[in-house]
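What follows is a single structure, written as structure tokens, with notes after it.
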Amino acid sequence: MKRIAISSFVVVAAVTASLAGLQIRAQTTDQAWSTFLGGDQADLQPNRIKIEYAEPEHPQVEPFRDMLIQRRPLEKVQEIFSPLRLPMDLTVRTKECGISNAWYRRPDITICYEYLRDIVEMAPKDMSPEGISPMDAIVGQFLFTAAHETGHAVFDLLDIPLFGRPEDDADQFAAHVLIKIGQQDARRLIEGAAYMYNEYIKNPTVTVRVTAFADVHGAPVQRLYNLLCLAYGENPDAFSDVVDKGYLPRSRAPACKQEWGEVDFAFQKLIYPYIDRKLLNDVLSKSWVPDRNIPPPRMTDVPQSVR
Ligand SMILES: [Zn+2]
């Protein structure tokens, strides 16, 4: 009996000592979470984004590629996402695809010349009645698409768990990036990105087949309202006219602050452990929307457009 008591004392002492040892190495909650997610892995490195303007198959696409090379959109994407600490290189490539689309397939993001052509062609020719400049629409839509695909890549490469539908999560990742990197330019980026849904706003009644609701993406207008809601939720003052002018229905607006809060919380918990803070500060200190006085790219600048 006595021996047992002594043994118990030894065990308690040993446990106490090891707990004391743990306390010495105690992490903050954020550090512990980062460790749990694998954010402290040595092979996670920033500056993993590689870019390529791929040679098109058809020579008539060449001038469009030349214009892009001159405008350097991929260099912007590379810089914006350079703070991400990833386990492998991620190549963002513009390419002639034969379709107008963009996608992620490990380890590449592909953005088709045909898709970029559509963005340029659909942009307003002058300042739109809503106050969206051609430059805002082109840069906003391009960055939203690039950020959406980067979202898919980040979730995949970092093995980040998703509760929502992958397409909704990629949209939320993209919205968060545009809202945060925009800072003073957030309005121009968000409303520019929203311009791609302009036709739906102009035609408020749509008829679709029931199977349209089976798409992996939300319906286009849902994606628009989600984007505007997150922007309004983050900064109701800056985006108040989005509600006042009816672009975001008043019925949705009260929940937006919380919707933004959930997305921001997920971003802080799941993505920030993988971000190089110094590089991020460099990104946040810059403006990513060119001056409105700089003429945006026009298809008429390109002798032979992509067809
Ligand atoms: Zn997607």
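FYI, it's all coordinate maths here, none of it is from the lab. Note that the structure is a prediction, hence the values are computed from the model and not measured. In this analysis, Cβ positions are derived from the backbone assuming ideal geometry, glycine residues included, and neighbour counts consider all displayed protein chains.
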- Item | Inter-part distance where the range 181-207 and the range 55-100 are each reduced to a Cα centre, Å | 23 Å
- What value, in deg cm²/dmol to 500, does the helix sum -39500 (n - 2.57) over DSSP H runs of n ≥ 4 give at 222 nm once divided by the residues of the chain? -15500 deg cm²/dmol
- Query: If you take all C-alpha pairs in the chain, what percent of them are over 35 Å apart?
  - Reply: 27 percent
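Within the set 125/180; 95/278; 95/180; 245/269; 50/202, which residue pairs have Cα atoms separated by over 30 Å? Kindly include the intermediate steps, with their values, before the conclusion.
Values: 125/180 28 Å; 95/278 32 Å; 95/180 28 Å; 245/269 34 Å; 50/202 39 Å.
Going by Cα-Cα distance, 95/278; 245/269; 50/202 fall outside the 30 Å limit.
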- Taking the chain as a Gaussian network, where each spring joins two C-alpha atoms under 10 Å apart, which residue of 177, 283, 206 fluctuates the most? 206
- Message: Among 243, 163, 70, whose Cα projects farthest towards the positive end of the dipole of the chain, with charges put on the beta-carbon of Lys, Arg (+1) and Asp, Glu (-1)?
- Response: 163
- Taking θ as phi - 60°, what are the ³J(HN,Hα) couplings along the range 225-230 by the Karplus curve (6.51, -1.76, 1.60), each to the nearest whole Hz, with x for Gly and Pro? 5, 4, 5, 5, 5, 5
- the chain: most fluctuating residue of 32, 153, 253 per GNM, C-alpha cutoff 10 Å: 32
- Query: Which of rounded, prolate, oblate describes the range 86-235, given a ≥ b ≥ c as roots of the alpha-carbon gyration tensor eigenvalues and a/c under 1.5 marking rounded, otherwise prolate only if a/b is larger than b/c?
  - Reply: rounded
- Residues with amide H under 5 Å of residue 133's amide H, sequence separation 5 or more or different chain, H placed in the peptide plane at 1.01 Å from N; which? 128
- Item | For the chain, built as a Gaussian network whose Cα springs stay under 10 Å, the top-fluctuating residue of 212, 231, 137 | 212
